[in-house]
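Asks: Structure in C-alpha cells, see below.
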Amino acid sequence: MKTYLFLLLGLCATAFYWPTHTTVLSGKVVDDNGEALIGAAVKVLHGADLVRGTITDYNGEYRLTLDPGTYDVEFSYTGYATHKVTSLVVLANQINTLDATLNTGQVLQEVVVTQYKVPLVQQDQTSSGQTIALGRKPSPAPSNRRKEKKAGKRSQTLSSDQAKNLPTRSVNTIVATTAGTTSIDGGAVNIKGSRSNTTNYYVDGVRVSGGVPPVQEIDQLDDETRAHQPNKTPADSIPQPSESNTETYATIHENPFLAAQSNAVSTFSIDVDAASYSNARRFIQQGQLPPADAVRIEEFVNYFDYQYAPPTGGVPFATHTELAACPWNPQHRLLLVGLQGRQIETGQLPPSNFVFLVDVSGSMSSPNKLPLVQQSLSLLTEQLRPEDRVALVVYAGAAGLVLPSTPGSDKPAIKAAIERLSAGGSTAGAAGIQLAYEVARKNFAKGGNNRVVLCTDGDFNVGMSSDDELVKLIEKERESGVFLTVLGFGMGNYQDAKMQQLADKGNGNHAYIDQIEEAKKVLVKEFGGTLFAIAKDVKIQIEFNPSRVAGYRLIGYENRLLAKEDFDDDAKDAGELGAGHRVTALYEIVPAGQPLPLGVKNGEMRYQQTQATAAAGSDELMTLKLRYKQPKAGAASDLIQTTVTDQLTPAPSLNFTLAAAAAEFGLLLRNSSYKDHATYEQALALAQKAAASDTSGYRKELCDLIEKARLLAATETART
C-alpha cells in the first residue's frame with residue numbers, strides 16, 4: 001500500500017513539472033552612431049537553414065529562445081551593410097548576449113538632410129502635446145520658453161540614467177513622469193483628465209502603443225521542441241494594431257482567369273501610381289504585414305525603373321513585350337507589356353501653373369504628416385524654373401489662399417509660405433479642392449502644364465465628404481484642363497480608397513510619401529513623370545489568339561478595367577502618362593491545350609475561325625492596341641496597333657525578372673488565390689538577380705522588404 005502511495009505522489013509531482021528552456025539569445029542592434037535600429041532583421045542560421053528569426057523593437061532590441069548549439073547570426077537593415085557573426089556558441093540555461101553595429105552600406109548613394117520648423121503657436125490647435133527628450137538637456141532661450149508656455153506646449157528632459165531607472169520601459173511610464181498625467185502601474189495614461197484611448201504616442205515620428213512593442217519570434221523548430229517551450233499567447237508575439245486605426249482600403253476582387261475562346265479581349269486603363277508599394281513598405285518596416293486590400297500588385301510592379309528603349313518618331317511612347325515561363329507556375333507563361341514615355345529635359349518642359357493644396361487640419365499635426373509635407377514641397381520648389389508659377393491653398397475648418405500665384409524664381413517667398421503652415425481644426429477638403437481649381441483656372445497657362453498638387457491624409461470630415469460627392473466634384477473640375485496629383489501622408493487614419501478615386505477621376509496620379517527619400521523619388525528624380533503629362537486617357541486593349549492561348553489573367557489593375565467598347569469611346573476617362581514615365585502590365589497565360597472554366601460572352605474577335613482563319617492559325621499570340629490623347633483639352637484620340645508572336649524568351653531580361661519578383665511579392669502579401677507555388681524564397685531570388693543592376697538602391701530595398709515580410713509571415717503562420 002505504501003509503495004502505491006509513493007508511486008501516486010511521484011506521478012502527481014511529475015504532472016506539475018513543466019520543462020522549460022532558459023537558453024536565450026538577446027542583444028541590441030545600433031547604427032555606427034550608436035542609434036537604435038527599429039525593425040532590423042535578425043536571423044539565426046544553421047548552415048543554410050533558417051532556425052529562427054525576429055525583428056528588433058523600437059529600442060533596437062531582440063530576444064530569441066534557442067536550443068544550445070553553434071549558429072550563424074545575420075543582422076540586416078535597409079540602407080546598411082549586412083553584418084554576419086559565424087560559429088556563435090549558444091550556451092545552455094543562460095542568457096547569451098550578442099549586440100551588433102551596422103555600418104551604412106553603399107545602397108543609398110545620396111542622403112539629403114533637411115529641417116523643418118514647427119510653429120510654436122498653433123491658434124487652431126485643440127489638442128495638447130509634450131516632447132520628452134532622452135539623454136540631453138537643451139537650454140531654450142527665454143523668448144522660446146515664453147512662446148512655448150503661451151502655446152500650451154512643454155518640453156521635459158530625462159537623462160539616459162533616469163530613463164533606464166524607470167520601473168518599466170513602456171511609453172506610458174515615461175509619459176507618466178510629466179506634469180498633468182496620471183498612470184496606474186504603467187498602464188493607461190490620462191492627460192489632464194482625458195480618456196486614455198485619445199492619447200497618441202510617437203517615438204522618432206513613429207506612432208506606437210503605450211507599451212513596449214513585443215519581440216516577434218519566428219519559430220521553425222519541430223513540434224516536439226516547440227512543445228517544451230513556455231506558453232505564449234498570440235498577443236505576446238504580434239504587435240496589435242492601434243484601437244484608433246481608421247485607415248480605409250477599397251476591397252479588391254482579383255481578376256480571374258478567362259477563356260480566350262469565349263472572351264479573347266482584355267481592356268484596361270494604364271496606372272502609373274506606386275502608392276501601394278511605399279505604403280506596404282511602411283507597414284513592413286514597422287513590423288507587420290499590410291492589409292491584403294492595401295496591396296495593389298500593379299503598383300508594386302510599377303514602382304521600379306525599367307530599362308525600356310525610348311520611343312522614336314512622333315509617338316509619345318514606345319511599346320515592349322516579353323514572354324517567358326511563369327515563376328510561380330511553370331506550366332503557365334508570363335507576358336510583360338511595357339510602355340516607355342518620351343523623356344523631356346526639364347528645360348524643355350512647358351511652363352507650369354501649380355497650386356499646392358495642403359491639408360492643415362488637426363489630423364495632419366503629427367511629424368510624419370504636415371512637417372513631411374513641408375519638406376516635400378520645399379524639395380519640389382527647388383525644381384521650379386522662372387517661367388513656372390506656384391500658388392498655395394490650405395484647408396482646415398475652411399479653405400484659404402496663403403500664397404497667390406508666384407513665379408518660380410521667387411523661391412524664398414514660396415518656401416517661407418510653406419514653412420509658416422501649422423495644423424489645427426476640422427477638415428473641409430471639398431472646399432479646398434474647389435478653391436484650388438479656381439486659383440488654377442484663374443492663372444491658367446495656355447499650352448502649359450496646369451496641375452493641383454493635393455497633400456493630405458484624405459480624412460475629410462466637414463462639408464462634402466462622401467466618396468461619390470468628391471468624385472463628381474473632381475470629374476467636373478477636370479474638364480477645365482487642370483490635372484491632379486494626390487500625395488498621401490501619415491498613418492492611423494490614412495484614407496487610401498478616397499485618394500485613389502480622386503486621382504483616378506482627376507486625370508492624375510497618386511503617391512504615398514512615407515519618408516523624405518520617397519518625396520525625393522517622386523518629386524525630384526521623377527519630376528517630369530509625376531507632374532508633366534505627355535499623354536492622357538491611355539488605354540490598352542489586347543486580343544488573344546485562342547489557337548495559342550487557352551486562357552489568361554491580368555495581374556492587378558482591378559480598379560482600372562474597362563469594357564471592350566470603352567476602348568473606342570473617347571468620352572471614357574483613362575490614365576495619364578508622364579514625361580519619361582513607364583508602365584508595366586503582366587498577364588499570366590495558360591497555353592492552348594490546357595482546360596479552363598469558360599469565361600463570359602463572345603465578342604467580335606480577330607482570331608475567330610469564321611472571321612480570320614489565317615490569323616487564327618498563325619504564330620500570333622495576340623494583337624496589342626493602344627489608344628491615347630494629347631494632354632490638351634478636347635483632343636481626339638490616336639491609335640497604335642501591333643501584333644506579337646508566340647515566342648518564348650529562354651533567358652528573361654532583368655526587366656522581366658524585376659517585374660516578376662515584384663508581382664510574386666504582391667501575390668504573397670495578398671495571400672492571393674492565384675499564388676500557386678509562389679514563395680518568398682523564390683521572389684527574393686528573382687529580386688536579387690534583378691538587383692545586379694541597381695543604380696538607385698530601390699531593387700536592393702525590395703530584397704530587404706521581401707526578407708522582412710518572410711520573417712513576419714512565418715511568425716503569423718507559427719501563431720495560427
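Asks: For the stretch 63-80: of the residues being under 15 Å from Glu707 (Cβ atoms) and over 23 Å from the mean Cα position of the chain (by Cα), which is surrounded by the most Cβ atoms within 10 Å (Cβ to Cβ)?
Replies: Phe75
Asks: While we're looking at this one, here's another question. Mind telling me which of the residues Gly488, Gly528, Gly458, Gly551 ends up being part of a loop (DSSP other than H, G, I, E, B) and either among the small types (Gly, Ala, Ser) or not assigned by TED's automatic domain parsing to the domain that holds Leu621 (or both)?
Replies: Gly458
Asks: Condition test on Glu243, is it modelled with pLDDT under 95 and of a type outside the set (A, V, I, L, M, F, W, C)?
Replies: Against the criterion (modelled with pLDDT under 95 and of a type outside the set (A, V, I, L, M, F, W, C)), Glu243 qualifies.
Residues checked against (1) more than 25 Å from Arg699 (Cα to Cα); (2) in the same structural domain as Leu658 (by TED's automatic domain parsing); (3) of a type in the set (Gly, Ala, Ser); (4) in contact with an Asp or Glu (Cβ under 9 Å, 6 or more places away or on another chain):
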| position | (1), (2), (3), (4) |
| --- | --- |
| Ser266 | yes, yes, yes, yes |
| Gln285 | no, yes, no, yes |
| Pro310 | no, yes, no, no |
| Val315 | yes, yes, no, yes |
| Ala318 | no, yes, yes, no |
| Leu334 | no, yes, no, yes |
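Asks: If we keep just the residues of the stretch 349-376 that are of a type outside the set (S, T, N, Q), in contact with a helix residue (DSSP H, G or I) (Cβ under 8 Å, 6 or more places away or on another chain) and outside any strand (DSSP E or B), which is surrounded by the fewest Cβ atoms within 10 Å (Cβ to Cβ)?
Replies: If we take residues in the stretch 349-376 being of a type outside the set (S, T, N, Q), in contact with a helix residue (DSSP H, G or I) (Cβ under 8 Å, 6 or more places away or on another chain) and outside any strand (DSSP E or B), then Leu349 is surrounded by the fewest Cβ atoms within 10 Å (Cβ to Cβ).
Asks: Could you go through the stretch 413-423 and let me know if any residue there is farther than 21 Å from Leu379 by Cβ and either in contact (Cβ under 8 Å) with a residue 40 or more places away in the chain or not hydroxyl-bearing (Ser, Thr, Tyr) (or both).
Replies: No, there is no match, as no residue in the stretch 413-423 is farther than 21 Å from Leu379 by Cβ and either in contact (Cβ under 8 Å) with a residue 40 or more places away in the chain or not hydroxyl-bearing (Ser, Thr, Tyr) (or both).
Asks: Tell me, yes or no, whether the stretch 380-388 has at least one residue that is over 27 Å from the mean Cα position of the chain (by Cα), surrounded by fewer than 17 Cβ atoms within 10 Å (Cβ to Cβ) and assigned by TED's automatic domain parsing to the domain that holds Leu658.
Replies: Checked the stretch 380-388: no residue is over 27 Å from the mean Cα position of the chain (by Cα), surrounded by fewer than 17 Cβ atoms within 10 Å (Cβ to Cβ) and assigned by TED's automatic domain parsing to the domain that holds Leu658.
Asks: Please tell me if Ala585 is at pLDDT below 95 and surrounded by 13 or more Cβ atoms within 10 Å (Cβ to Cβ).
Replies: For Ala585, the condition - at pLDDT below 95 and surrounded by 13 or more Cβ atoms within 10 Å (Cβ to Cβ) - is not met.
Asks: Quick one: Ala325 ticks every box in (1) outside any loop (DSSP other than H, G, I, E, B); (2) among the small types (Gly, Ala, Ser); (3) buried (at least 22 other Cβ atoms within 10 Å of the Cβ) bar one, so which box is it?
Replies: Of the numbered conditions (1) outside any loop (DSSP other than H, G, I, E, B); (2) among the small types (Gly, Ala, Ser); (3) buried (at least 22 other Cβ atoms within 10 Å of the Cβ), the odd one out for Ala325 is (3).
Asks: Could you check how many residues of the stretch 548-569 are in contact with a Gly (Cβ under 6 Å, 6 or more places away or on another chain) and over 23 Å from Ile252 (Cα atoms)?
Replies: 0
Asks: Let me spell it out: the conditions are (1) within 26 Å of Ala579 (Cα to Cα); (2) part of a loop (DSSP other than H, G, I, E, B); (3) touching a Leu at 6+ places or on another chain (Cβ under 8 Å), and Leu379 meets all of them except one. Which number is the exception?
Replies: Condition not satisfied by Leu379: (2).
Asks: Quick one: in the stretch 289-322, of everything that is polar (S, T, N, Q) and assigned to a strand (DSSP E or B), which residue is surrounded by the fewest Cβ atoms within 10 Å (Cβ to Cβ)?
Replies: Taking the candidates together, the pick is Thr321.
Asks: Could you check, for the stretch 432-455, whether at least one of its residues is in a helix (DSSP H, G or I), buried (at least 23 other Cβ atoms within 10 Å of the Cβ) and at pLDDT below 90?
Replies: yes
The values are calculated or read from the model by the stated rules, or taken from the named source; none is laboratory data. This one's a predicted model, so the numbers in the text were calculated from it and none came from an experiment. For neighbour counting, all protein chains shown are included, and Cβ atoms are generated from backbone atoms with ideal geometry for every residue, glycine included.
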